[in-house]
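First the structure, in the form of structure tokens, and then the observations on it.
The values are calculated or read from the model by the stated rules, or taken from the named source; none is laboratory data. These figures come from a predicted structure and were not determined experimentally. Cβ coordinates were reconstructed from backbone atoms using ideal geometry, including for glycine residues, and neighbour counts include every protein chain displayed. Note: accessible area is taken over every heavy atom of the protein model, side chains too, but ligands, DNA and RNA are not part of it. Shrake-Rupley method; radii C 1.70, N 1.55, O 1.52, S 1.80 Å.
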Amino acid sequence: MDILIAQEIALHQYETRQNRTAIERLLHVDFSEVGMSGTCYNFDSIVAMMGSEAPSKLSVYSQNYHCNELAPGVHLLHYQSALVDKEGKASEFAQRCSVWVLEGDKWQLKYHQGTACAPFELT
């Protein structure tokens, strides 16, 4: 589970999101996402969206990771996230889930969903 958490956190980082090689390593070619806004993405549209992002004063904070094996080489990762500003104020709280698949010797994100939720305490 530690590798999946580390890779999930890497995808929250601006530097990773701007690195096409890293994205291709972390995202499955058949990747899909339903974002908090309800917008649907596939591999090409998420790469384009990430590439157009500007640096932000907000950072993604994530916590309470839980992992379930759905089948050999397929894991469902649940966690909570929020955006946090430099003063520590949190916003855009979400419950998130990701389906990671083992492709050869690397784990890749195949599906992700973020659902807006009520604020929660950051631990």
>> So, in region 90-113, how many residues would count as being open to solvent by 40 Å² or more (accessible area, probe 1.4 Å) and either in a strand (DSSP E or B) or under 19 Å from V34 (Cα atoms) (or both)?
In response: 11
>> Condition check: more than 16 Å from M1 (Cα to Cα) and in contact with a Ser or Thr (Cβ under 6 Å, 6 or more places away or on another chain). Does V84 satisfy that?
In response: yes
>> On the basis of being more than 17 Å from H112 (Cβ to Cβ) and touching a strand residue (DSSP E or B) at 6+ places or on another chain (Cβ under 7 Å), does S59 make the cut?
In response: yes
>> Filter region 50-89 down to the residues that are open to solvent by less than 60 Å² (accessible area, probe 1.4 Å), small (G, A, S) and not in a strand (DSSP E or B) and list them by number.
In response: G51, G73, G88
> Applying the selection to region 11-36, what residues are outside any helix (DSSP H, G or I) and either free of Cβ contacts under 8 Å to residues at least 60 places away in the same chain or not hydroxyl-bearing (S, T, Y) (or both)?
Replying inline: Q13, Q18, N19, L27, H28, V29, D30, F31, E33, V34, G35, M36
> Which number in (1) under 14 Å from the mean Cα position of the chain (by Cα); (2) closer than 23 Å to E103 by Cα marks the one condition that D44 misses?
Replying inline: (1)
> Conditions: (1) open to solvent by less than 50 Å² (accessible area, probe 1.4 Å); (2) of a type outside the set (S, T, Y); (3) under 22 Å from K106 (Cβ atoms); (4) at pLDDT below 95. M1 meets all but one. Number of the miss?
Replying inline: (1)
> Can you name the residue in region 17-40 that is within 28 Å of K86 (Cβ to Cβ) and modelled with pLDDT of 95 or more and is also surrounded by the fewest Cβ atoms within 10 Å (Cβ to Cβ) among such residues?
Replying inline: Q18
